[in-house]
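Below is one structure, written out as structure tokens; comments come after it.
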Amino acid sequence: GEVDQLALGLIARGIGKGAVIAAISPNSIAVAVLQLAATCIGAIFAPISPNYAQGSGNYDLLRDIISKLDPSLLYVASAKTYALGLAALDLPAGRIVDGEAALQDAYSSGPRTVLHEHTARVSLDDPAKILLTSGSTGRPKGVLNTHRMIASNQLGTVLMWPFLRERPPIQVCWLPWHHTMAGNFTFFLNLANGGTFYLDDGRPTPEGIGRSIENLSEIRPTIHFNVPRVLEQLLPSLEKQEVATKFFERLDAICFSGAALPSATWAGLNAAAVRATGHRVHIITSWGTTETGPGITMSMPGNNDPSGVGIPAPGVTVKLAEAADLFEGRVLGPNVTPGYYNEPELTKAAFDDERYYKTGDAIRQVTEDGKPVGLAYAGRISENFKLTTGTWVRVGELRVKILSATAPLLQDCVIAGDGRNEIGILAFVSLVGVKQVFPDIAGDAATIAAHPGFRILLQERLAIFNRQESGATSTISRVSIETEPLSVEAGEIADKGYVNQRGVLTRRAASVAVLFTDADHVIRIPRQSAPGASRA
């Protein structure tokens, strides 16, 4: 097939075991074939986010990545599209393959015995891929992903999710392959289980979400992977019976990752499923990182806890290590990376004395009747901060509670207050959600932010939230409604759809400063007393 022909073509170019093959491209059939061809011959496949090569800004990150990888071949979907980024690279033109047609020209019909010889030299502990971390907490690091990591993830998944054995999975997915969730988990899930993968040409944007809905309705997947913010965007379309019936018709499960799922979104998905089919849908999740290929824990079908991430996958051990007032999840198992590509110091720092990988994620135990039954994700430890009282604010958990308390008004929020004596939020409105509550509001976020009814309702919801919570670390004092949407290009939203809290706070430092003033647009939230009128 095409994979064998391209693998033979790579061999003919002198590319073999240990060589790096990079790609700058959106998801495509060509990228899938290239990745599998590299895997067959023991080459290391390194997908790179197209965002690093687009625009007209600074290409230092792209230059740094390519310099470290030193790829024997760089595939680009379109040299014209990425012309400015490519011009910034010190890479011989002969190593760059431009477009699918040029890649097909590299196909060879040589003897299969040559390919078999190369494949036979590949071992489980050889690196199959280099996946770059998102860069949300520093410069991207090249994470080595071995064949063993990928294989153990798929074996653990089918053992935890037995419905995968009952029929081959069908999925429609937009999630980018240069991230571990889609590039490892969902991509290889279909290969491991003989399923079918459809590339979703929609996008999680107001302009592109309609196309995704059309694709999901036409294909009718058996399993759907997405991130919480996009699942929330799907809900209005699932209010339509025809769309919901097609989407849920043969759906075994919805799987989310990247952030906790607000309880309102969880309830909305189940309500739509009941209306369409008469029964709830399995909503399952996992906890993972780029360094764990990605799966660490998985929830089981039938899970009803939006905050839970299940139990460790077979063969995986999770240790809870004290970190500030939390516990950091640390991992040991066949799914864990051997380290970072050509970064020995970073590799050493990533593991503790017992060789557990330090995830940087806050994890807590879930108990029933005093007995541990699973684990829950409590956010990135690096996102948490202290108030002037010296007490910690747990950002990840607080964000999910706020979104649930204000649903469907907010699309997302960013928590601020580091080094202050109270907590404020930068709020990003949900245009779709607000329209459900206030049909008379027409316009953008600025129009909504100035609408008295919206401001009063948001204030009331958060005042009720405050009365149900206790203490300065879990109550909100002030809100600023942001009129500029979150930006993917500016790094405020990662490619896979979650909000980069630190990135937003850094980029919008001026907004944060104003949030803690008496500016007229700042909404003050009572902590204990009944809510009054909003500051107009």
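Could you tell me how far the Cα centroid of region 181-228 sits from the Cα centroid of region 396-449, in Å?
27 Å
Remind me, what semi-axes does region 1-47 give for its equivalent ellipsoid, largest first in whole Å, using sqrt of 5 times each Cα gyration tensor eigenvalue?
Working: eigenvalues 50, 32, 12 Å².
Semi-axes from the Cα gyration tensor: 16, 13, 8 Å.
For the chain, which whole percent of the accessible surface, found with a 1.4 angstrom probe, sits on carbon and sulfur atoms? Before the final figure, lay out the partial values.
On the way: 11600 of 22000 Å².
Ligands and nucleic acids excluded, carbon and sulfur reach 53 percent.
Using a Cα-Cα cut-off of under 16 Å, which lysines could be cross-linked to Lys348, ignoring same-chain neighbours fewer than 8 residues away?
Hits, sequence-local ones excluded: Lys141, Lys358.
Please list the equivalent ellipsoid semi-axes of region 129-278, computed as the square roots of five times the alpha-carbon gyration tensor eigenvalues, in descending order and whole angstrom. Let's see the in-between values first.
Details: eigenvalues 141, 74, 38 Å².
Whole-Å semi-axes of the equivalent ellipsoid: 27, 19, 14.
To two decimal places, what compactness ratio does region 385-438 give when its Cα radius of gyration is scaled by 2.2 N^0.38 Å? The partial results should precede the final answer.
Values: Rg = 13.0 Å, N = 54, 2.2 N^0.38 = 10.0 Å.
Rg over 2.2 N^0.38 Å, computed on Cα atoms: 1.30.
What's the angle, to the nearest 10 degrees (0 to 90), between helix 60-69's Cα axis and the longest principal axis of the chain?
40 degrees
How are the Cα pair distances of region 35-110 distributed, in percent, across 5 Å bins from 0?
Final binned percentages: 3, 14, 25, 27, 17, 9, 4, 1, 0.
Which FRET efficiency value, to the nearest 0.05, is calculated for Asp369 and Ala87 with the Förster distance at 60 angstrom and r the Cβ-Cβ distance?
Values: r = 63 Å, r/R0 = 1.05.
My answer for the efficiency is 0.40.
Remind me, relative contact order of region 236-395 in percent, using alpha carbon pairs under 8 angstrom and six or more residues apart? Write out the running numbers ahead of the final one.
Working: 275 pairs, mean separation 24.3, N = 160.
After rounding, I find 15 percent.
In sequence order, what are the phi-derived ³J(HN,Hα) couplings for region 125-134 according to the Karplus relation 6.51 cos²θ - 1.76 cosθ + 1.60 with θ = phi - 60°, rounded to whole Hz, with x for glycine and proline?
Per-residue couplings from phi come out as 8, 6, x, 9, 8, 10, 10, 7, 5, 5 Hz.
Whole-Hz Karplus ³J(HN,Hα) for region 225-234, in order, using 6.51 cos²θ - 1.76 cosθ + 1.60 and θ = phi - 60°, x for Gly and Pro?
Along region 225-234, the couplings run 9, 6, 9, x, 5, 7, 4, 5, 5, 6 Hz.
Please turn the phi angles of region 139-155 into ³J(HN,Hα) values with the Karplus equation 6.51 cos²θ - 1.76 cosθ + 1.60 (θ = phi - 60°), one per residue in order, whole Hz, x for glycine and proline.
Once θ is set to phi - 60°, the couplings for region 139-155 become 5, x, 10, x, 8, 6, 10, 8, 4, 5, 4, 5, 5, 5, 4, 5, 5 Hz.
In whole percent, what relative contact order does region 87-170 give with Cα contacts below 8 Å and a gap of six or more residues? Write out the running numbers ahead of the final one.
Values: 41 pairs, mean separation 14.6, N = 84.
17 percent.
If you line up the Cα atoms of region 207-287 on their principal axes, what length do they span on each, largest first, in Å?
Extents along the principal axes: 31, 31, 21 Å.
Keeping all protein chains in place, calculate the accessible area per residue for the chain (probe 1.4 angstrom), answer in Å². Before the final figure, lay out the partial values.
Numbers: 22000 Å² over 536 residues.
Result: 41 Å² of accessible area for each residue.
Whose amide H sits under 5 Å from the amide H of Arg420, counting only residues 5 or more places off or on another chain, with H placed in the peptide plane?
Answer set, sorted by chain and number: Thr388.
With the Cα gyration tensor of region 1-158 in hand, convert its eigenvalues to equivalent ellipsoid semi-axes via √(5λ) and list them largest first in whole Å. Kindly include the intermediate steps, with their values, before the conclusion.
Details: eigenvalues 130, 81, 34 Å².
For region 1-158, the ellipsoid semi-axes come out as 25, 20, 13 Å.
With each label point set 7 Å from Cα along the Cα-Cβ vector, what nm distance links Ala267 and Ala513?
Result for the modelled spin labels: 4.0 nm.
I'd like the orientation of helix 395-406 relative to the chain: the angle between its Cα long axis and the longest Cα principal axis, in ° from 0 to 90, rounded to 10.
So the helix axis and the longest Cα principal axis differ by about 60 degrees.
Using amide H atoms built 1.01 Å from N in the peptide plane, name the residues 5+ places from Ala46, or on other chains, whose amide H lies under 5 Å from its own.
Here the answer is Ile21, Ala22, Ala23, Ile130, since their amide H atoms fall under 5 Å of that of Ala46.
Report the FRET efficiency, 1/(1 + (r/R0)^6), for Ala321 and Ser470, where r is their Cβ-Cβ distance and R0 is 22 Å, rounded to 0.05. Write out the running numbers ahead of the final one.
On the way: r = 28 Å, r/R0 = 1.25.
After rounding, the FRET efficiency stands at 0.20.
The values are calculated or read from the model by the stated rules, or taken from the named source; none is laboratory data. All values derive from a computational prediction rather than experimental measurement. Glycine gets a Cβ as well: all are built from the backbone with ideal geometry, and neighbour counts include every protein chain shown. Quick note on the areas: whole protein, heavy atoms, side chains included, nothing else; ligands and nucleic acids left out. Shrake-Rupley method; radii C 1.70, N 1.55, O 1.52, S 1.80 Å.
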